[in-house]
Structures are given as structure tokens and as C-alpha cells.
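Beneath this line is the structure, given in C-alpha cells, with notes to follow.
The values are calculated or read from the model by the stated rules, or taken from the named source; none is laboratory data. Keep in mind it's a predicted model, so treat the numbers as computed, not measured. Here the Cβ is made from the backbone with ideal geometry for all residues, glycine too, and neighbour counts use every protein chain on show.
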Amino acid sequence: LNRDLIEVEVRAPDGTLSRVTARNVAISTGLVPRLPEGVVADERVWHSSQFLGRFNEQDPAGLKSVAVVGAGQSAAEITRFLHDALPGAQVSAVIPSYGYSVADDTPFANQVFDPGAVDEYYFGNERAQDAFWRYHRNTNYSVVDADVI
């Protein structure tokens, strides 16, 4: 493998293995900046929380292949940004699931942000809070707006 390229290997829960090679890699794996086990940040591997600053330090002409790892809003937005900013580059989206999860932004789902719903959650028992969180998780966490997809 070319020493200038980084190979990203992703193993799905069913054991399926996928590989992508890129010169630069952006990792987008959640709200708390962390990299997957075995991944070390350097000048070409960044967490999404560092993306814009690190991208602006690069010479766009040198960014010929880029991989974005993650399935949430940040990963999708970075992938979209790179497609727009680097029209001649190969931009790969490494999604560790079936695909991007679409945000539920219907009026019914958005009721979870009403003051009454907040009170019900806050004053609910642990079981009720857990059920509420699991049911409404796709309103605002690790999901992508439909227009970005």
C-alpha cells in the first residue's frame, strides 16, 4: 500500500469487512471527541470536532482522497462539505451501519421539546426516562437531516 494512503478497515456486527483507502481521514463518532480503539490522531487523522480548523490548514490541491468515518449529522455534513469543496477528490463515506439515520422532524416527534414533555421526562422514574430516550432518540441524536442525506 502507498505510504501516503491510510487504510480504514470497518467490521460490521455480522462480521462483514470493508476497506477504504484515503490520504486523509476524519472520524466522527459521537458527542464526546474520541477515536476508535487503535486509531491515533495525527496530521492526517482528525476527529470531527477538529475538522474545520484542520481542513483550513491543508492545501486543497493536496487533498485527493479523503474518508469520513461515522453515520451521524457531523459525518454527513463533513462528507457533503468535502464533496462541495473538493470536486476533484475521491471522498469516501465509511458508515458503520446500514446507512445514515434520518432525523425524525415531524410535528409529533418534536413535541418531546415542549415544556410539558420535558417535565414528564424530568419527573418520570428511571424506567420511563429510559423508554422515552429510546423512543425519541432519533429526534436529535446521531441522525441526519433529510436535506443533507
- Query: Across segment 98-117, which residue is surrounded by the most Cβ atoms within 10 Å (Cβ to Cβ) among those that are within 27 Å of Arg19 (Cβ to Cβ) and either at pLDDT 75 or above or not polar (S, T, N, Q) (or both)?
  - Reply: Tyr100
- Message: Quick check on Val69: is it in contact (Cβ under 8 Å) with a residue 24 or more places away in the chain and surrounded by fewer than 15 Cβ atoms within 10 Å (Cβ to Cβ)?
- Response: no
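If the requirement is being touching a His at 6+ places or on another chain (Cβ under 7 Å) and at negative phi, which of these qualifies: Val118, Val112? Break it down into steps so the answer makes sense when it comes.
Numbers: Val118 fails: touching a His at 6+ places or on another chain (Cβ under 7 Å).
Every option except Val112 fails the conditions.
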- Checked against (1) surrounded by 12 or more Cβ atoms within 10 Å (Cβ to Cβ); (2) modelled with pLDDT under 80; (3) more than 21 Å from the chain's Cα centre (by Cα), Arg137 satisfies every condition except (3)
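Taking into account only those residues within segment 72-97 that are among the polar types (S, T, N, Q), modelled with pLDDT of 80 or more and within 12 Å of the chain's Cα centre (by Cα), which is surrounded by the most Cβ atoms within 10 Å (Cβ to Cβ)?
Of all residues in segment 72-97, those among the polar types (S, T, N, Q) come to 73-74, 79, 90, 92, 97.
Cutting the leftovers down to modelled with pLDDT of 80 or more gives us 73-74, 79, 90, 92.
Filter once more, keeping what is within 12 Å of the chain's Cα centre (by Cα): 73-74, 79.
Working: Gln73: 20, Ser74: 22, Thr79: 24.
Step by step, filter segment 72-97, then rank; the result is Thr79.
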- Task: Determine whether Glu37 is assigned to a loop (DSSP other than H, G, I, E, B) and either acidic (Asp, Glu) or outside the structural domain of Asp145 (by TED's automatic domain parsing) (or both).
- Result: yes
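In segment 82-97, which residues are in a loop (DSSP other than H, G, I, E, B) and either of a type in the set (Lys, Arg) or under 22 Å from Thr16 (Cα atoms) (or both)?
Pass one, segment 82-97, residues in a loop (DSSP other than H, G, I, E, B): 86-89, 95-97.
If the condition is that a residue be in a loop (DSSP other than H, G, I, E, B) and either of a type in the set (Lys, Arg) or under 22 Å from Thr16 (Cα atoms) (or both), then Ile95, Pro96, Ser97 are the ones that fit.
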- Item | Filter pass, Val25 being part of a strand (DSSP E or B), touching a Lys or Arg at 6+ places or on another chain (Cβ under 9 Å), in the same structural domain as Ala89 (by TED's automatic domain parsing) and at pLDDT 85 or above | no
- Item | Residue in segment 42-57 that is assigned to a loop (DSSP other than H, G, I, E, B) and under 16 Å from Val20 (Cβ atoms) present | yes
